[in-house]
Amino acid sequence: LAKTTQPISMDSYEGQEVNITCSHNNIATNDYITWYQQFPSQGPRFIIQGYKTKVTNEVASLFIPADRKSSTLSLPRVSLSDTAVYYCLVANYSGAGSYQLTFGKGTKLSVIP
Amino acid sequence: KAGVTQTPRYLIKTRGQQVTLSCSPISGHRSVSWYQQTPGQGLQFLFEYFSETQRNKGNFPGRFSGRQFSNSRSEMNVSTLELGDSALYLCASSPGGTSSYNEQFFGPGTRLTVL
C-alpha cells in the first residue's frame, strides 16, 4: 500500500496561491490521487482527482509529475473560507471494483486576512 | 438531492458495550464506505459495501462489522467497546461500479465517546 506524507500545517495570506504537496513514494501503477477538504464538524468534501500530469477544475489544480511519487494541490487566490484541513488520498485499484485507500494525515491551512 | 445522513450524530457509551451506527447514502448511490477519524491516527478506512456485499476492508479488528441493506442504507456495529474506539465515524457514498475509484460524498459523522 502507498504511504502518504504531507505537511502538518501551512499559513497563507488572502489572495495568494497555495500549493500543498503530498509525497507518495511507493505509489502503484493503478493508484489514483484524490484530494479532500474538511471543515470542523463536517465530513470531508471532494476537491479534485487525478492519475497523471495536470488536472484542473473550477476550484483547484492538481499537478502530478511523471514519476507520480508526489502530487501538488494548487488553490488559486485563497480566501478566508479556504481555511480547512486538506487530505491527500491514494486509492489502489486492484480490479473488480476493489481498492484500498490510504489517507495522508492532513494539512491544516490557515488563511490570514 | 439530499446528502448523506448519519444517525445518531452523538453517542456516549461505556466500555464493553456495543453500538450500531446508521448511514443513509445519496439516492442512487450503491457504494457505502465507513471511516474512523481520530486526532492521532487521522482518517482510516474501515470497510466498503456495494450491493449488500463487503467489497473492501481496512485493518481493523473483527469487533468492527457492517452490513448494507437492499436500499443501500448501511449500518456499522462495534462490539465490546474500548476507550480507543472514541472517534468520529464517517460514512461516505458513491455511485460505485466496478471501474476506478469514484468520488465519495461524506456525511457529517457520528461522534462516539466511550467512557
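A few remarks follow.
- Subset of segment A:32-61 [in contact (Cβ under 8 Å) with a residue 24 or more places away in the chain, assigned to a loop (DSSP other than H, G, I, E, B) and within 15 Å of A:VAL18 (Cα to Cα)]: A:ALA60
- Within segment A:37-71, the set of residues being open to solvent by less than 80 Å² (accessible area, probe 1.4 Å) and either facing chain B (nearest Cβ under 8 Å) or among the charged types (D, E, K, R) (or both) comprises A:GLY43, A:PRO44, A:PHE46, A:GLN49, A:ARG68.
- Criterion applied to B:PHE106, B:PHE47 was being in contact with a Gly (Cβ under 6 Å, 6 or more places away or on another chain) and farther than 22 Å from B:GLN18 by Cβ, and the one residue passing it is B:PHE106.
- In segment B:3-17, of all residues being in a loop (DSSP other than H, G, I, E, B) and within 14 Å of another protein chain (Cβ to nearest Cβ), the one that is least open to solvent (accessible area, probe 1.4 Å) corresponds to B:VAL4.
- Among the residues listed as B:THR20, B:THR80, the single one being more than 14 Å from chain A (Cβ to nearest Cβ), among the β-branched types (Val, Ile, Thr) and not in a loop (DSSP other than H, G, I, E, B): B:THR20
- Checked against (1) modelled with pLDDT of 95 or more; (2) open to solvent by less than 50 Å² (accessible area, probe 1.4 Å); (3) touching a Lys or Arg at 6+ places or on another chain (Cβ under 8 Å); (4) within 14 Å of another protein chain (Cβ to nearest Cβ), B:SER31 passes all but a single condition, namely (1).
- Output for segment A:57-74, where each listed residue is of a type in the set (S, T, N, Q) and under 13 Å from the mean Cα position of the chain (by Cα): A:SER61, A:SER70, A:SER71, A:THR72, A:SER74
- Residue match in segment A:21-28 (condition: outside any strand (DSSP E or B), closer than 20 Å to A:PHE103 by Cβ and within 11 Å of another protein chain (Cβ to nearest Cβ)): no
- A:LEU109 being out of contact with any helix residue (DSSP H, G or I) (no Cβ under 6 Å at 6 or more places or on another chain), more than 13 Å from chain B (Cβ to nearest Cβ) and either in contact (Cβ under 8 Å) with a residue 60 or more places away in the chain or crowded, with 18+ Cβ neighbours inside 10 Å (or both): yes
- From the options A:ALA84, A:ALA60, residue that is within 21 Å of B:LEU88 (Cα to Cα), at pLDDT 95 or above and aliphatic (A, V, I, L, M): A:ALA84
- Only one entry in B:ASN102, B:ASN59 is loosely packed, with under 14 Cβ neighbours inside 10 Å and assigned to a loop (DSSP other than H, G, I, E, B), namely B:ASN59.
- Matching entry among B:ARG55, B:ARG73, B:ARG111 (being more than 24 Å from A:GLN37 (Cα to Cα) and within 14 Å of another protein chain (Cβ to nearest Cβ)): B:ARG55
The values are calculated or read from the model by the stated rules, or taken from the named source; none is laboratory data. Just so you know, these numbers come straight off a predicted model, no measurement behind them. So basically every Cβ, Gly included, is an ideal-geometry build from the backbone, and we count neighbours across all protein chains shown. Protein only, heavy atoms only, side chains kept; ligands, DNA and RNA dropped before computing areas. Shrake-Rupley method; radii C 1.70, N 1.55, O 1.52, S 1.80 Å.
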